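The values are calculated or read from the model by the stated rules, or taken from the named source; none is laboratory data. This one's a predicted model, so the numbers in the text were calculated from it and none came from an experiment. Cβ sites come from the backbone with ideal geometry, for glycine too, and all protein chains shown count toward neighbours.
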Amino acid sequence: MARGTMHTQKETRRRRNAPTHDSTSLTRDGEVRGPSLFDLTGREDWSETVIRWFDTWRRAPQAQVFEATDWARLGLLAAIVESYSRKPSAAALSEIRMNEERLGATFVDRMRARMHIEAEDGDDAPVVSLVDARADLAARLRSGSD
């Protein structure tokens, strides 16, 4: 005879650690948000890589919820991105990755932050049709074309 209480069956278990906050719905509208890189840093001589990186963040759906502190973080991170583009290092990449993770850079980061980007019409990933390479090659050889 087993001692102690029996565990609840998996089918009847109830989650007790309910989410502490709701999810945030974002839209992919391409609007430029936040301050310019010059306004954040006082510098105009940024490399093209850093300008493109910062512009990506300004147009990202996550920028809809950014506060002044988030933009300040990106301003500080710009120097590390520039340094990394000139001389890549594991330490710089780790710092960039960690900071971007906090801002919701990847799909998994947004899932953890309960951010949801609403899909627009025609925003679906392209569908790739499968082709039987052997049958395709045989048909091309029969027709005499490449």
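Determine, yes or no, whether VAL32 is within 22 Å of GLU118 (Cα to Cα) and touching a residue at least 40 places away in the same chain (Cβ under 8 Å).
Numbers: within 22 Å of GLU118 (Cα to Cα): yes; touching a residue at least 40 places away in the same chain (Cβ under 8 Å): no.
The answer is no for VAL32.
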Inset, instruction - Six or more apart or on different chains, Cβ under 8 Å: which pairs go from a residue in region 107-119 that's crowded, with 17+ Cβ neighbours inside 10 Å to one that's of a type in the set (Lys, Arg) and at pLDDT 90 or above? Could you list them? - result: ILE117/ARG28; ILE117/ARG110
Inset, instruction - Could you check, for region 86-104, whether at least one of its residues is at pLDDT below 95, aliphatic (A, V, I, L, M), farther than 22 Å from THR24 by Cα and in a helix (DSSP H, G or I)? - result: no
Inset, instruction - Check whether at least one residue in region 20-29 is farther than 24 Å from THR106 by Cβ and either surrounded by 13 or more Cβ atoms within 10 Å (Cβ to Cβ) or without any contact (Cβ under 8 Å) to a residue 12 or more places away in the chain (or both), and report yes or no. - result: no
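Confirm whether GLU100 is under 29 Å from ASP22 (Cα atoms) and surrounded by fewer than 12 Cβ atoms within 10 Å (Cβ to Cβ). Write out each step before concluding.
Details: under 29 Å from ASP22 (Cα atoms): yes; surrounded by fewer than 12 Cβ atoms within 10 Å (Cβ to Cβ): no.
Taking the combined requirement at face value, the residue does not satisfy it.
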Legend entry - Qualifying positions in region 113-141 - in a helix (DSSP H, G or I), of a type in the set (A, V, I, L, M, F, W, C) and at pLDDT 80 or above: ALA135, LEU137, ALA138, ALA139, LEU141
Legend entry - Number of the exception - ASP55 against (1) farther than 16 Å from ARG102 by Cβ; (2) of a type in the set (Asp, Glu); (3) surrounded by fewer than 13 Cβ atoms within 10 Å (Cβ to Cβ): (3)
Inset, instruction - Looking at (1) under 16 Å from the mean Cα position of the chain (by Cα); (2) surrounded by 10 or more Cβ atoms within 10 Å (Cβ to Cβ), find the lone condition where LEU40 falls short. - result: (1)
Legend entry - Residue that is farthest from the chain's Cα centre (by Cα) [pool: residues in region 58-89 that are surrounded by 13 or more Cβ atoms within 10 Å (Cβ to Cβ) and among the β-branched types (Val, Ile, Thr)]: ILE80
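Of everything in region 40-58, what is of a type outside the set (A, V, I, L, M) and over 17 Å from ARG73 (Cβ atoms)? Give them in sequence order.
Of the residues in region 40-58, the ones of a type outside the set (A, V, I, L, M) are 41-49, 52-58.
Result: GLU44, ASP45, SER47, GLU48, THR49, ARG52.
Go through region 39-63 and count every residue that is closer than 20 Å to ARG86 by Cα, free of Cβ contacts under 8 Å to residues at least 12 places away in the same chain and out of contact with any helix residue (DSSP H, G or I) (no Cβ under 7 Å at 6 or more places or on another chain).
So in region 39-63, the residues closer than 20 Å to ARG86 by Cα come out as 41, 43-56.
Retained after the next criterion (residues that are free of Cβ contacts under 8 Å to residues at least 12 places away in the same chain): 43-45, 48, 52, 56.
Checking which are out of contact with any helix residue (DSSP H, G or I) (no Cβ under 7 Å at 6 or more places or on another chain) leaves us with 43, 45, 48, 52, 56.
Matching residues across region 39-63 total 5.
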